[in-house]
Amino acid sequence: GRDPPLAAMFADRTAPGADVESVWRSARSARCEAKSCQTGKISTAETAVQSHISRDAGVQTDHSKDAVQDFQQEVQVDYTSLLSFLQKVEDAVIKELNKNWKSRAFDGFQVNWTDQNETVLCLHTLSYPEAQDQNLQVTSVSWNATGSVVACSYGRLDGGDWSTEKSYVCTWNLDRRGLNPQRPDLVVDVPSSVMCLAFHPSQPSLIAGGLFSGELVVWDTGRTEDPVIWRTGLTDDTHTDPVYQVNWLPDAKHRNHVRLLSVSTDGKILVWREERDGRLVLAEGFAMVAQQIPRSTQLKKFAWGEAAVGVTSLSFSHFDPRVFVVGVEGGYSLKCSIAAETLALHRTGSSVPLRAPAELAFSPHGGPVYSVSCSPFHRQVLNLFLSCGTDGQVHLHSMLQTQPLISLQLSKKYLFCVRWSPVRPLVFAAASGEGNCNKCFCFTGDVHLFDFEKSSQKPALSIKQAAGERPVYCVEFNIKQTRLLAAGDATGTVKVWQLSSDFTEQGPREMNHLEQLASEITD
């Protein structure tokens with residue numbers, strides 16, 4: 001047959017359309033990616049337990065024999081001349097090395113390879129909704145021995161009926177994946193308000209608490225079914241007022257045994273030991289009685305006469321394990337000794353004789369002292385400690401004199417807690433009942449960070465934690481993860497703050513600066 005004409009071969013036609021769906025566009029929409037970028041989001045994660053394995057591999061390019069020979073010829077050394085040079089400078093080099101060895105220019109300086117962080121960030125806002133529904137407050141916070149678990153106690157510091165109101169102890173593991181800030185890893189129901197907490201210094205699962213009822217309880221957080229392992233119960237030895245602080249003590253005679261110290265506004269400081277049947281029994285104790293306080297500074301006359309002095313807080317010296325400081329309701333801080341032998345004038349039916357520990361009364365605050373903290377750094381020459389109370393002041397004291405070295409007016413309302421930094425000798429934190437918000441004229445609970453290196457009169461930074469005139473009751477530095485600071489408030493919230501490097505890196509001769517500051521004031 002004949003070929004078709006050229007016009008027929010190249011005539012215009014309309015072919016049916018073909019739809020090709022854009023896979024990239026739909027995938028990008030699902031991931032909510034920016035239109036300016038076609039690549040998927042790269043997810044990254046950091047964790048302390050990730051490891052990276054690397055291996056050395058040879059380059060893929062061939063070596064040129066001529067190039068190697070040229071390089072070897074370039075690096076030939078005149079060893080005779082080098083030896084002559086080293087012999088000439090040997091004495092001078094050794095002299096300079098000896099001079100540097102004796103230099104104190106870098107005393108106290110520690111190399112820090114971590115990234116610099118110039119801001120204070122809130123890493124976690126933790127709470128237990130059921131406790132908040134009961135309007136319970138965070139009365140105490142504590143870090144465990146590994147620094148990864150934070151615990152808080154719920155109760156009331158503004159009154160309440162302990163006989164009918166239950167409370168809670170809650171823990172969160174901050175290193176755990178899938179951390180839910182409103183769902184604690186462990187919740188312990190307690191029949192009375194928990195006023196204070198303290199994790200064991202070396203056993204991460206043990207935590208002790210003091211109750212509004214006067215009891216002491218020890219929980220093992222590894223036992224979820226029945227975590228209570230020791231308790232005092234209500235006996236003739238039990239405190240008759242709320243327990244406001246509990247401390248773990250080393251047992252010199254029995255290293256594996258537990259000893260706990262508790263303080264209460266009933267005026268007693270009691271030391272407890274464990275029994276195999278789960279009881280905590282009284283081992284020794286002290287009683288603060290007004291008549292037996294040294295009269296270098298007169299205590300205020302109480303309306304109910306010369307009787308017990310209510311103890312609110314306690315801190316042990318880091319240089320002499322026999323020495324401790326207590327804060328009392330009368331506004332004083334008292335230096336005490338655990339080696340005291342004088343019997344206390346106390347008429348309670350205690351199973352062991354109570355002793356009078358007070359050795360020196362320091363100049364008072366304008367109201368009850370709520371917190372004391374001994375410096376973990378300062379040398380025994382001065383033995384510094386901090387105190388704070390209802391007058392809104394922080395006093396810096398030396399145990400060698402009754403008058404404060406410095407008095408700082410940090411707040412117009414109460415200061416509930418003060419703590420020295422575990423890594424910076426010139427830094428401490430204080431928790432207050434109020435602070436003036438710069439953005440408005442409301443009052444908020446503040447965490448004040450003080451750095452004597454920057455100023456001896458005002459905080460280096462005040463962190464806004466709780467709004468609506470709700471105070472911050474407690475604050476604790478993390479000894480293991482030193483960038484972390486936990487603070488609990490009256491809203492039932494615990495906030496974990498990441499501190500900037502300014503507050504965590506010790507400067508050169510910082511210890512000397514603190515000694516100089518104290519000596520200048522005392523002279």
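Taken together, the values in this text are just the output of simple stated rules run on the coordinates, not laboratory data. Just so we're clear, the structure is a prediction, and the values are computed from it rather than from any experiment. Using ideal geometry, Cβ is built from the backbone for each residue, glycine included, and neighbour counts are taken over all protein chains shown.
At-a-glance table
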quantity	calculated
Overall form of segment 350-421 per C-alpha gyration tensor (a/c, 1.5; a/b vs b/c)	oblate
Inter-part distance where segment 351-417 and segment 326-344 are each reduced to a Cα centre, Å	12
Globularity ratio of segment 139-519, using Cα Rg and 2.2 N^0.38 Å	0.94
Using a Förster distance of 56 Å, the FRET efficiency for Lys95-Ala340 (Cβ separation, nearest 0.05)	0.50
Full-extension gain in nm, His513 to Thr235, via 0.36 nm per residue minus C-alpha separation	95.1 nm
Coordinate range along principal axes, alpha carbons of segment 314-396, Å, largest first	37, 29, 17
Pairs of lysine residues in segment 139-519 - Cα separation under 17 Å, sequence separation of 8 or more or cross-chain	7
Förster radius 25 Å - calculated FRET efficiency between Gln457 and Leu121, Cβ distance, rounded to 0.05	0.40
Estimated distance in nm for a label pair at Arg279 and Ser407, the labels positioned 7 Å out from Cα along Cα-to-Cβ	4.8
At R0 = 45 Å, FRET efficiency that the Cβ-Cβ distance of Ser84 and Ala105 yields, to 0.05	0.85
Projected label distance in nm at Asp175 and Asp226, using a 7 Å step from Cα toward the beta-carbon	3.1
Distant alpha-carbon pairs in segment 147-235 (separation over 23 angstrom), percent	22
